[in-house]
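Worksheet: one structure, shown below.
Please treat every number below as a calculation from the coordinates, not as lab data. Keep in mind it's a predicted model, so treat the numbers as computed, not measured. Positions of Cβ are generated from backbone atoms using ideal geometry, with glycine treated the same way; all protein chains shown enter the neighbour counts.
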Amino acid sequence: MSTCVSTKKNCDVQSSTESKTQLSPYTDSYKTQEGFVIKVDLPGVSKENLDIQLDSSLLKIEAYRNLPKVEGDSKLLYSEIVEGKYLRSFKLPDTVDVERIQAKFENGVLELVLPEKAETQPKKIKVELT
Amino acid sequence: MLFPQLFNQNVHHPFHALEDFHRQFNQLFNEWAVDSQRDDLPPVNIWKTSDGLALTAELPGVHADDIELSVHQNQLTLSGKRKPLNLSETDKLYRQERDYGDFERKFELPLKVDVTKIEAKFADGILRVELPQAEEDKPKKISIQPK
């Protein structure tokens with residue numbers, strides 16, 4: 001299975017339809033003033049096959065990706081895309097307000113917005129001039 | 001001679017050792033990169049269909065307007081651009097694994113394609129291109145007349 005992807009040689013349909021391949025999706029993460037943003041590439045995943053779970057502070061993303069099919073009777077000639085399961089976990093900082101986590105899935109990209117709790121946001125203190 | 005001795009290559013030099021380590025590390029990394037899926041984005045599958053050929057390509061986060069397909073003689077070119085993260089000045093990037101910018105891949109098609117009938121659809125970050133074989137390139141049936 002892995003040889004099919006890594007050597008980029010032609011591989012037969014049999015090896016590509018193996019369903020146990022685990023894929024680690026490419027991810028970007030950044031900090032904003034309000035909290036954190038995580039973007040995950042999940043091409044070929046439909047909303048129904050995407051599962052996001054939060055267990056205490058561990059955020060787990062699981063998604064099943066079917067082999068993108070073409071219409072009608074077809075035979076795979078060359079393969080770099082395989083069927084498999086995307087799996088990735090993130091340990092969230094304690095400052096994240098888990099109640100307000102938002103997920104958006106568009107165009108094969110999952111975007112998670114993780115706002116921080118209000119009390120962890122830096123407070124502005126007004127200095128009054130006397 | 002004292003000096004050549006001093007600069008003898010066998011003399012252990014901690015900085016050179018570090019450089020060597022870096023070189024070896026980079027070499028290891030580069031060798032891996034050549035064979036990795038990342039090296040030539042986007043990854044594709046190519047299919048033989050009853051009507052000709054089909055291509056599926058992974059293009060997550062790319063806008064349909066930013067994808068370009070062209071066929072010249074027997075060469076199919078898939079190119080485009082993935083827009084970078086739209087970070088504000090106060091945002092701090094932690095980790096970036098996703099690739100941004102221009103991409104281009106060329107494919108030699110093993111059969112003649114009817115350019116006017118090429119169809120492309122884009123959904124869930126997957127591009128599907130149908131490349132029907134040109135009529136004149138299709139095998140022809142020759143009827144045999146009875147004597």
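Hey, how many Å between the Cα centroid of segment A:26-103 and the Cα centroid of segment B:76-115?
Cα centres, segment A:26-103 to segment B:76-115: 19 Å.
In what sequence do B:His72, B:His63 fall when counting other Cβ within 10 Å, fewest first?
B:His72, B:His63
Note down the nm distance, to one decimal, between modelled labels 7 Å out along Cα→Cβ at B:Ser79 and at B:Asp66.
With each label point 7 Å from Cα toward Cβ, the separation is 1.6 nm.
Calculate the FRET efficiency for A:Thr32 and B:Leu41 from the Cβ-Cβ distance with a Förster distance of 22 Å, rounded to the nearest 0.05.
Computed FRET efficiency for A:Thr32 and B:Leu41: 0.25.
Let me know the mean shielding of B:132-145 by other chains, meaning the per-residue number of their Cβ atoms within 10 Å of its Cβ.
Details: counts 0, 0, 0, 0, 0, 0, 0, 0, 0, 0, 0, 0, 0, 0.
Going residue by residue through B:132-145 and averaging, the value is 0.
Once the piece of chain linking A:Val113 and A:Lys60 is laid out straight, how much longer is it, given 0.36 nm per residue of separation minus the C-alpha distance between them?
Numbers: separation 53, 0.36 × 53 = 19.08 nm, distance 1.44 nm.
Residue separation times 0.36 nm, minus the Cα-Cα distance, leaves 17.6 nm.
To the nearest whole number, what is the average tally of beta carbon atoms from other chains within 10 Å of the beta carbons of peptide A:26-39?
The shielding value for this peptide is 5.
For each pair in A:Lys39/B:Lys121; A:Lys39/A:Lys85; A:Lys47/B:Lys48, compute the distance between the two Cα atoms and list the pairs where it is over 21 Å. Write down the numbers at each step before the final one.
On the way: A:Lys39/B:Lys121 24 Å; A:Lys39/A:Lys85 17 Å; A:Lys47/B:Lys48 28 Å.
Long pairs (Cα-Cα over 21 Å): A:Lys39/B:Lys121; A:Lys47/B:Lys48.
Could you tell me, in Å, what Rg and Dmax come out for the Cα atoms of segment A:42-124?
Looking at segment A:42-124, its Cα Rg and Dmax stand at 17.6, 65 Å.
When you look at the Cβ of every residue in A:78-88, what mean number of other chain Cβ atoms sits within 10 Å?
Mean shielding count: 3.
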